[in-house]
């Protein structure tokens with residue numbers, strides 16, 4: 001996000017200050033709409049990382065009734081046998097919300113990733 005804010009032109013902030021806006025108004029009305037693609041990309045990536053987190057829920061959770069979906073999927077594989085149809089159905093349930101979220105915010109996500117590395 002730092003790089004996204006640094007790539008925004010300073011002239012916009014200076015023009016808003018000359019028009020009488022304070023720092024909060026400049027941030028809320030000018031800068032925040034300009035960095036919306038970056039915020040969307042950050043939100044999708046952060047949600048995906050939290051959704052697919054496996055180790056922390058397995059460390060802190062001792063009850064099998066309160067396990068997260070990724071921890072349950074990890075426990076479905078056995079030492080001698082694995083029920084692959086159940087594992088594949090659970091895997092589909094695990095990726096479906098992220099795929100739907102990406103499909104909804106695809107335009108902003110691609111813009112956010114594309115503009116992150118550009119300068120000028």
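The values are calculated or read from the model by the stated rules, or taken from the named source; none is laboratory data. Quick caveat: nothing in here was measured; it's all calculated off a predicted structure. Neighbour counts run over all protein chains shown; Cβ positions are idealised from the backbone, glycine included.
Tabulated data for the structure shown
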{"read-out": "Considering residues of region 52-65 that are in contact with a helix residue (DSSP H, G or I) (Cβ under 6 Å, 6 or more places away or on another chain) and part of a helix (DSSP H, G or I) only, the residue nearest to residue 98 (Cα to Cα)", "value": "57"}
{"read-out": "Among (1) surrounded by 11 or more Cβ atoms within 10 Å (Cβ to Cβ); (2) closer than 29 Å to residue 8 by Cβ; (3) modelled with pLDDT of 80 or more - the single one residue 108 does not satisfy", "value": "(3)"}
{"read-out": "Selection count where residues are part of a helix (DSSP H, G or I), surrounded by 13 or more Cβ atoms within 10 Å (Cβ to Cβ) and either more than 31 Å from the chain's Cα centre (by Cα) or touching a residue at least 12 places away in the same chain (Cβ under 8 Å) (or both), scope region 11-35", "value": "9"}
